[in-house]
1. Tally Lys and Arg at +1 and Asp and Glu at -1 over the other residues with C-beta under 15 Å from the C-beta of Ile195: what net charge comes out?
2. Helix-derived [θ] at 222 nm for the chain: sum -39500 (n - 2.57) over DSSP H runs of at least 4, divide by residue count, nearest 500?
3. Can you tally the lysine pairs in the chain where the Cα-Cα distance is under 18 Å and the two residues are eight or more apart, or on different chains?
4. Could you work out how far the C-alpha centroid of region 145-170 sits from that of region 271-321, in angstrom?
5. Where the only charges are on Cβ atoms (+1 Lys, Arg; -1 Asp, Glu), what is the dipole of the chain about its Cα centre, to the nearest 20 debye?
6. I need the Debye-formula profile for region 228-279: one equal scatterer per C-alpha, no solvent, reported as log10 I(q)/I(0) at q = 0.16, 0.17, 0.28 1/Å, two decimals.
7. Once you have a ≥ b ≥ c as the square roots of the Cα gyration tensor eigenvalues for region 12-83, tell me rounded if a/c is under 1.5, and otherwise prolate or oblate according to whether a/b is larger than b/c.
8. Evaluate the relative contact order of the chain (contact order divided by residue number), counting alpha-carbon pairs under 8 angstrom at least 6 apart; express in whole percent.
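Where a number appears in this text, it was derived from the coordinates with a stated rule and is not lab data. All of these numbers come straight from a predicted model, not from anything done at the bench. Heads up, the Cβs are rebuilt from the backbone with ideal geometry, glycines too, and the neighbour counts pull from every protein chain shown.
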Amino acid sequence: MVLIMKFFLDVKVLKHNRNFRLLFIGQTISFFGTMITSVAFPYQIYQLTKSTLMVGLISLVQLIPLLFTALIGGVFADRYHRRNLLLISEFLLAVCCITLAYNATLDSPSVWLLFIIAPIMSAVTGLHRPALDSIKQQIVAKEDFPAVGALVISISSAAMIAGPAIGGLLIAHFGLVITYILDFLTFIVSLIALIMLKDIPKPKGMRDESTLSALKSGLRYAVSRQELTGSYLVDFTAMIFGMPNALFPAIAAVHGGPQTLGFLYAAPAVGALLFSVFSGWTNHIKRHGVAIAISASLWGVAIILFGLTTNVNLWLALFFLALAGGFDGISGIFRSVLWNQTIPSEYRGRLAGIEMISYLSGPKLGDTEAGLVAAAFGVTFSVVSGGVLCIVGVAACCYFLPKFVEYRSVH
């Protein structure tokens, strides 16, 4: 029985670490609220404008400020008290949610207000995420990082599966006002949890330098460490070449339309959730660089098999897509462990900002790459070639960054 339990999700850190338990509960509840609003926001835009272009523009105005504030947020997380940054940012997000709820009560809700609130919430998220990632390093023991990484992957995957579904049901049965108010209430819960955290010190060790100089020193530090550079580049390569999200509508059109489209978007998160539930074995792996490279390569293999089976059997294709999501989830666990175990606290915020830029821009570039190749050579070729290039890119990273492959945890 003990041997079997080692393969399951390790939740002991929730029992013995009060601060992390509070943070985890608060952030889990607020993330579910965020996923619910992620459905309500574009739905309201489309209902008001009947324009898919306007829905697309919302995504653009959300991305641009996030790219800037993620880097600034990283500097702030290394300079100021991280809990205070989380309190301020979540308070601002809660205010934005209640503003959305008020706007939804109007006879003629303002579209322009939505276009103002959207970039504000996105910008605040850029300040929030580096502080959240770096505060975990302060409150969690290094030997618990694998368990924490698996818990975060599991709950984020569950939220990405259930959140949009709950959001759709709430909108259909209770309307947008209640939906936005519910998200507001999730932030209140998270704020209470943050207030209850104890003994969180202000970061130490950052030199008295300008924001730009601090950003440069963070980038220099990341580049000087091959194991960090390798973890960023492997993940970036996998997202650019092996992320076929932009092709899901075309694939769904052949297999039943919108219902199939939902399955395609949900499959990677389902795979990541299932793999994280059985991730106890990751606690015993020390070669994190090798583990990241193998996981990313297997993601590429699964994407190839997904591409080859999309025109053969939908359920088999969905299985391989879920398998890809599972390997991505495992890679994410090992990346988070490597980052938290090796990055000094005084740099953790800035490098969290860099990580955020990577996983925000990678999928967008991947959508562009997949769409261009599909337009020239077809959907199947785009998916399969992307998987092949993912494997080749991972191999190149391992060859040119030997310290990434050789990295071994001492914890």
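1. My count for the surroundings of Ile195 gives +3.
2. -28500 deg cm²/dmol
3. Taking the Cα cut-off of 18 Å, the pair count is 12.
4. So the two Cα centres are separated by 18 Å.
5. With Lys and Arg at +1 and Asp and Glu at -1, about 1040 debye.
6. Debye intensities relative to I(0), on a log10 scale: -0.64, -0.69, -0.98.
7. Oblate, because a/c is 1.5 or more while a/b does not exceed b/c.
8. 27
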